[in-house]
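Presented below is the structure to which this report refers.
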Amino acid sequence: MKRVRKAVFPVAGLGTRFLPATKAVPKEMLTVVDRPVIQYVVDEAKEAGIEHFIFVTGRNKTVIEDHFDVQFELYNTLAQRGKDDQLEKLQRLQPTPGQTSYTRQQVPLGLGHAVWCARDLVGNEPFALLLPDMIMQSEKGCMKDMVELYENTGGNVVAVQECDPAEAHKYGIVGKGEPIHNGFRITEMVEKPKPGTAPSNLYINGRYILQPEIFGILEQQERGAGNEIQLTDAMLKLTEEQPFYGYHFHGQTFDCGSPEGFVEANVAFALWRPDMHAKLAGTIESLLREARPAGR
Ligand code: G1P
């Protein structure tokens, strides 16, 4: 079985749910506490043993490349000022030379198309796919657990979580089959099911391990929900040839592509920080006591 060495990050999205914040700043560069959203996702991949980071970018996203590059002037200034801990923190987050690749999704044809744009950079090996809108909070990263499941099962692995059935139409939803290791066999998949037709309340939360055969299917894939080339539709076709397993993630997931999810992520990650917890918890409590009712 081939190891999962590469991860794909589709970062070409326009961020229309978060305007005007995302007019000039990519949504992936908005900060949760003191790190851009994309850094959380890359760190999750790193923790899972990923060695190569492939970004599918678009226009106005070059600041993401700058973020993962060396910043000589800044590093020198920090060194001269004796700010060694700051310097060390930046260097720790820095990918090593040759560990990143960038390609562009030139037209916004959907997630399936964005993934297909990475086909040559991935090559003929399994890969992790992490949707950067979704950031997760748990003791052990979601992707690390998925890699462990994959090492037992092979095939393809998709992470899922429970959602309010009334929200199922916003996501990809899977059907649950028999349990295997710390996961289960996926029986069906549907992207954005019409209300009342979802096979379960288990939604795809934005983390995948996929075999390279997905690229050939994506190449032929017709447009689906939202008139976009849907990854879920291509995965469903791949189930005819290869097994798919679900990994049920039990941590917190925040959708940072929406203002509500982004604010919740900031509060949750700040509360997790020992240096911020006490003061922030006190401020939240007093704000809740004084808060005006919604709509006023
Ligand atoms: C995408 C996937 C969907 C998944 C969701 C998670 O949808 O197509 O299956 O549930 O991400 O955020 P999108 O958010 O691009 O509409």
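Can you say whether Arg35 is out of contact with any strand residue (DSSP E or B) (no Cβ under 9 Å at 6 or more places or on another chain), among the basic types (Lys, Arg) and either farther than 29 Å from Leu14 by Cα or open to solvent by 20 Å² or more (accessible area, probe 1.4 Å) (or both), as far as the supplied structure shows?
Details: out of contact with any strand residue (DSSP E or B) (no Cβ under 9 Å at 6 or more places or on another chain): yes; among the basic types (Lys, Arg): yes; either farther than 29 Å from Leu14 by Cα or open to solvent by 20 Å² or more (accessible area, probe 1.4 Å) (or both): yes.
When the stated conditions are applied, Arg35 passes them.
Inside the range 51-122, counting only helices (runs of 4 or more DSSP H) that do not spill past its ends, which hold 1 or more residues that are open to solvent by 70 Å² or more (accessible area, probe 1.4 Å) and more than 14 Å from Pro10 (Cα to Cα)? Explain how you work it out, then say what you get.
Details: elements: 62-67, 72-80, 84-93, 111-116, 119-122.
Answer list for the range 51-122: 62-67, 72-80, 84-93, 119-122.
Consider Glu219 carefully, then state whether it is closer than 26 Å to Ala7 by Cβ, open to solvent by 50 Å² or more (accessible area, probe 1.4 Å) and either away from the ligand (no atom under 15 Å from the Cβ) or in a loop (DSSP other than H, G, I, E, B) (or both). Walk me through it before giving the result.
Numbers: closer than 26 Å to Ala7 by Cβ: yes; open to solvent by 50 Å² or more (accessible area, probe 1.4 Å): yes; either away from the ligand (no atom under 15 Å from the Cβ) or in a loop (DSSP other than H, G, I, E, B) (or both): yes.
Judged against the criteria, Glu219 is a match.
Consider Ser258 against the criteria (1) touching a residue at least 12 places away in the same chain (Cβ under 8 Å); (2) small (Gly, Ala, Ser); (3) over 28 Å from Val25 (Cα atoms): it satisfies all of them except one. Which criterion is unmet?
(3)
Which residues, counting only those in the range 253-283, are β-branched (Val, Ile, Thr) and surrounded by fewer than 13 Cβ atoms within 10 Å (Cβ to Cβ)?
Going residue by residue through the range 253-283, those that are β-branched (Val, Ile, Thr) are 253, 263, 267, 283.
Once the filter is applied, which keeps residues that are β-branched (Val, Ile, Thr) and surrounded by fewer than 13 Cβ atoms within 10 Å (Cβ to Cβ), the range 253-283 yields only Thr283.
Give the range 123-168 a look and list any residue that's over 22 Å from Gly226 (Cα atoms), of a type in the set (Gly, Ala, Ser) and either buried (at least 20 other Cβ atoms within 10 Å of the Cβ) or within 16 Å of the ligand (Cβ to nearest atom) (or both), or say none. Can you show your working first?
Step one: filter the range 123-168 for residues over 22 Å from Gly226 (Cα atoms), giving 123-128, 135-157, 159, 161-162.
Still in the running and of a type in the set (Gly, Ala, Ser): 123, 128, 138, 141, 154-155, 159.
Listed by number, the residues that qualify are Ala128, Gly141, Gly155, Ala159.
Phe184 is checked against (1) touching a residue at least 40 places away in the same chain (Cβ under 8 Å); (2) assigned to a strand (DSSP E or B); (3) within 16 Å of the ligand (Cβ to nearest atom); (4) open to solvent by less than 20 Å² (accessible area, probe 1.4 Å) and fails just one. What number does that condition carry?
It fails just one condition, (3).
Could you give every pair whose Cβ atoms fall below 8 Å, whose first residue belongs to the range 130-144 and is among the small types (Gly, Ala, Ser), and whose second residue is within 16 Å of the ligand (Cβ to nearest atom), counting only separations of at least 6 or pairs across chains?
These pairs meet every condition: Ser138/Phe249; Ser138/Gly251; Ser138/Gln252; Gly141/Glu44.
The values are calculated or read from the model by the stated rules, or taken from the named source; none is laboratory data. Since the model is a prediction, treat every value here as computed from it, not as a measurement. For neighbour counting, all protein chains shown are included, and Cβ atoms are generated from backbone atoms with ideal geometry for every residue, glycine included. Surface areas here come from the heavy atoms of the whole protein model, side chains and all, with no ligands, DNA or RNA. Shrake-Rupley method; radii C 1.70, N 1.55, O 1.52, S 1.80 Å.
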